[in-house]
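The values are calculated or read from the model by the stated rules, or taken from the named source; none is laboratory data. This structure is a prediction, so every number in the text was calculated from the model and none was measured. Note: areas computed on protein heavy atoms with side chains; ligands, DNA, RNA excluded. Shrake-Rupley method; radii C 1.70, N 1.55, O 1.52, S 1.80 Å.
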Amino acid sequence: MFNDIGPLELVALVVLAVLVFGPDKLPKVIQDVTRTIRKIREFSDSAKQDIRQELGPEFKDFEFEDLNPKTFIRKQMENDELGLKELRNGFDLKKEMAEVTDAVHGRDTESSSSGSASSSGSGGGRIDMSKKPDMAKKPEKPAAEDRPPFDADAT
C-alpha cells in the first residue's frame, strides 16, 4: 500500500498529522481511518464473492488482479504454450544492434555478406558504401551553372 513512500516522507506525514489534528485527537482519527479502510475491504471482498457466484463454476479460478493489463500480459508471457520464452531467449539485442551498426557503416558481417550476395545477383543497382563522406569537411559552394533552375511556380 505504501510502497513508494520513503522514511523521510513518512516522518513528514506523521508530523503534519500531529500539527493538523493535535496529539489529543490523533489516536481517534487513526482509529476512524483504520475502521473505514476495514469496511471498504469487507465491501470489496463481498462484491468479489458475489461476482464469482454470479459467474458460475467455470470461472472459479478467475482472479480480479488479471483485469490489470500489466498482470494479464505478465501472466501470458510466463505461459509457455506460445513458445514466447524461446523467442525472448533467442533474441540477442546487442548482436542485432551490432549488425545494424555494421550495415550503416558499410562493414561486412557474415549475415550481411550472404544477404548482399543474393541481392547483387538480382540485377538491382547497389550503392557503394565503401566511400564514406568526410563529415568534418565544409561543403563547397556550388558554381552558378551547378545551381538548380529557379522555379517561380514552386515558391
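Classify segment 1-64 as rounded, prolate or oblate, taking a ≥ b ≥ c as the square roots of the eigenvalues of its Cα gyration tensor: rounded when a/c is under 1.5, otherwise prolate if a/b is larger than b/c and oblate if not.
Working: a/c = 7.44, a/b = 2.36, b/c = 3.15.
Taking the square roots of the gyration eigenvalues as a ≥ b ≥ c, segment 1-64 is oblate.
Output ³J(HN,Hα) for segment 62-76: one whole-Hz value per residue in order, computed from phi by the Karplus curve 6.51 cos²θ - 1.76 cosθ + 1.60 with θ = phi - 60°, and x for Gly and Pro.
Working through the residues one at a time gives 5, 10, 5, 5, 5, 6, 6, x, 5, 5, 4, 5, 4, 5, 6 Hz.
How do Thr36, Thr71 stack up against each other in accessible area, from largest to smallest, with a 1.4 angstrom probe?
Working: Thr36 75, Thr71 40 Å².
Heavy-atom accessible area, descending, gives Thr36, Thr71.
Kindly write out, for segment 45-59 in residue order, the coupling ³J(HN,Hα) from the Karplus curve 6.51 cos²θ - 1.76 cosθ + 1.60 (θ = phi - 60°), rounded to whole Hz, with x marking Gly and Pro.
5, 5, 5, 4, 4, 4, 5, 4, 5, 6, 5, x, x, 6, 10
Quote the accessible area belonging to Phe43 in square angstrom, nearest 10, computed with a 1.4 Å probe and with ligands, DNA and RNA left uncounted.
150
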